[in-house]
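To start, the structure under review is shown below, and the notes come after it.
Since every read-out is calculated from the coordinates, none of them should be taken as a lab result. Computed from a predicted model, the values in this text were never measured in an experiment. Please note: Cβ atoms are built from the backbone with ideal geometry, for glycine as well, and neighbour counts cover all protein chains shown.
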Amino acid sequence: MWQRFLSAAAMLFLVTAGLAATEYALTGSNTSVTFIGTKPNGKHDGGFKTLTGTATLPDNDLTKLKIEVEIDTNSLYSDNPKLTNHLKSPDFFGVKTNPTSKFVTTKVEKDGSGYRVTGDLTLLGKTKSITFPAQISIAAGTLNVTSKFTIDRTQWGMTYGQGKVDNDVTLGVKIAAKK
């Protein structure tokens, strides 16, 4: 009887261990979020230096990937110090009243040779669902995610400079997180 119990316990342990999720810590050193804003006579690029979060991968199945990341909006930088200060003002990110932005996945689907990631993006206190293409892989214990896509900044209430500043902003995401 004890042998059966021990066998059952051992099998339960092996099954449970096989279903364990791998968690990756996301930081500003292994994850980057960048942007390119355009206007009729040029463009500016920048990003965010500080963020925290986790990527959880159950069963090594990339379609079950869950990403939660919080971005410190005060860590915003751009290619022009004067612009950086303006982007932190209430005209754009309003970092004093909106110190963080957040992204949380709700679905990851295989799409040809890549994936389509859907999630909730919170900017300026407003949460909207977005979907974007991504390359996702695991190699040598490292979770790799890369993507480049556009969002319409006005959907979150960022309307300053309409007609002088393009509404579409290109976002870039790159994750290279080790276990």
Checked pairs for region 44-66, first touching a residue at least 24 places away in the same chain (Cβ under 8 Å) and among the aromatic types (F, W, Y), second part of a strand (DSSP E or B) and surrounded by 15 or more Cβ atoms within 10 Å (Cβ to Cβ), C-beta under 6 Å and 6 or more apart or across chains, list as F48/V33; F48/I71; F48/L76
Result of the Cβ filter at 6 Å on region 168-179, keeping first residues that are farther than 10 Å from F35 by Cβ and partners that are charged (D, E, K, R) and assigned to a strand (DSSP E or B), at least 6 apart or interchain, is D168/D152
So the strands (runs of 3 or more DSSP E) completely within region 105-164 holding 3 or more residues that are touching a Ser or Thr at 6+ places or on another chain (Cβ under 7 Å), of a type in the set (S, T, N, Q) and surrounded by fewer than 17 Cβ atoms within 10 Å (Cβ to Cβ) are 126-139
In region 125-150, anything of a type in the set (G, A, S) and within 12 Å of the chain's Cα centre (by Cα) is listed as A134, S147
Exception for S78 within (1) surrounded by 18 or more Cβ atoms within 10 Å (Cβ to Cβ); (2) of a type outside the set (A, V, I, L, M); (3) closer than 19 Å to D152 by Cβ falls at (3)
